[in-house]
1. Obtain the nm distance between the two label points defined at B:Ser52 and B:Ala22 by a simple spin-label model: each point lies 7 Å from its Cα along the Cα-to-C-beta direction.
2. Across segment B:142-159, in residue order, what do the Karplus-derived ³J(HN,Hα) couplings come to in whole Hz, using 6.51 cos²θ - 1.76 cosθ + 1.60 with θ = phi - 60° and x for Gly and Pro?
3. Using θ = phi - 60° and the Karplus curve 6.51 cos²θ - 1.76 cosθ + 1.60, what whole-Hz ³J(HN,Hα) does each residue of segment A:39-55 get, with Gly and Pro shown as x?
4. Starting at the first residue of segment A:76-83, write each ³J(HN,Hα) from the Karplus equation 6.51 cos²θ - 1.76 cosθ + 1.60 with θ = phi - 60°, in whole Hz, x for Gly and Pro.
5. Do any trypsin sites (Lys or Arg not before Pro) in segment B:8-104 lie in a loop, going by DSSP, with at most 15 other beta-carbon atoms within 10 Å of their beta carbon, and if so which?
6. Which of the pairs A:Lys4/A:Lys51; A:Lys15/B:Lys126; A:Lys63/B:Lys134; A:Lys2/B:Lys134; A:Lys2/B:Lys133 have their Cα atoms more than 21 Å apart in this structure?
7. Place a point 7 Å from Cα of B:His147 in the direction of its Cβ. Which residues in segment A:48-83 have their backbone N less than 15 Å from it?
8. For a quick check: with amide H placed at 1.01 Å from N, whose amide H comes under 5 Å from B:Ile12's, ignoring anything fewer than 5 positions away on the same chain?
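Every number in this text was worked out from the coordinates using simple rules, so none of it is lab data. Only a predicted model underlies this, so the values are computations on that prediction, with no experimental measurement involved. Cβ placement follows ideal geometry from the backbone for every residue including glycine, while neighbour counts extend to all protein chains displayed.
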Amino acid sequence: MKVKYFAWVRERVGKAEETIEPPATVRTVEELIAWLSGRSEAYAYAFEKPKVIRTAIDHAHVKADAAIAGAREIAFFPPMTGG
Amino acid sequence: MTSPVPSCPVAIRIQEDDFDIAREIAVLTKSRTDIGAVVSFSGICRADEDSSRIAALTLEHYPGMAEEEIRRHVEESTSRWPLNGVTVIHRVGRFMPGQNIVLVLTASQHRRAAFEAAEFLMDYLKTSAPFWKKEESAAGAGWVEAHARDDEAAARWTRS
């Protein structure tokens, strides 16, 4: 699946997007964040406060317990500050 | 006999270029005699944020989702209020104080629907559309933090 990062999440991870293949045991957004956090210090820093991170699956906001099965694109970002 | 449902053209644009409010209102109301009220809200880059001087503001967005998220809220607004037209323009890029950032136009037969729908759309644009602001000031550059007051403003439109 494709993963995108925005704003300070993007800056901390150090890239705007990538393709990942998490193991089948990673089933929810929460579990994906925990799995990503274990990849390197950069990810751990980006996701150090998982409750602050917002997630979208295929362009729609989802909660931390949302299933990631079948997702084409998952995006992680801080709370929005547009308008 | 039921009166015909007025058509409600919707325009949603995310762009780097500036917008001309008068021109956008003229486009929205052209050849229409059923519109009795147009509310216009423009958001402008200001120089002061929590007592620090802002030199510039950079707006980042999530292409694709930003348009879809705005469209979802525009559709909700047209189902909640009798609107005759909606225009939402959100700029992205780098802005100096005084420059336009966002425009919301709502047209209706009567003012109340237009006022309420414009406020509803702005409250959701701030809290739910994927845009992020980064400020540049003498102290350096930093991402703007979301305000709880914006979440509270959006929450008052939630229907149980």
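1. Inter-label distance under the simple model: 3.8 nm.
2. With the stated coefficients, segment B:142-159 comes to x, 6, 5, 8, 5, 9, 4, 5, 6, 5, 5, 4, 6, 5, 5, 8, 5, 9 Hz.
3. My calculation for segment A:39-55 gives 6, 6, 5, 4, 5, 4, 5, 4, 10, 5, 10, x, 5, 7, 6, 9, 10 Hz in order.
4. In residue order, the calculated couplings are 10, 7, x, x, 6, 9, x, x Hz.
5. On the way: sites: B:Arg13, B:Arg23, B:Lys30, B:Arg32, B:Arg46, B:Arg53, B:Arg71, B:Arg72, B:Arg80, B:Arg91, B:Arg94; in loops: B:Lys30, B:Arg32, B:Arg46.
Filter output for segment B:8-104: B:Lys30, B:Arg32, B:Arg46.
6. Details: A:Lys4/A:Lys51 18 Å; A:Lys15/B:Lys126 25 Å; A:Lys63/B:Lys134 25 Å; A:Lys2/B:Lys134 25 Å; A:Lys2/B:Lys133 24 Å.
A:Lys15/B:Lys126; A:Lys63/B:Lys134; A:Lys2/B:Lys134; A:Lys2/B:Lys133, as the Cα separations exceed 21 Å there.
7. Residues passing the 15 Å test: A:80-83.
8. For B:Ile12, whose amide H was placed from the backbone, the distant partners under 5 Å are B:Val88.
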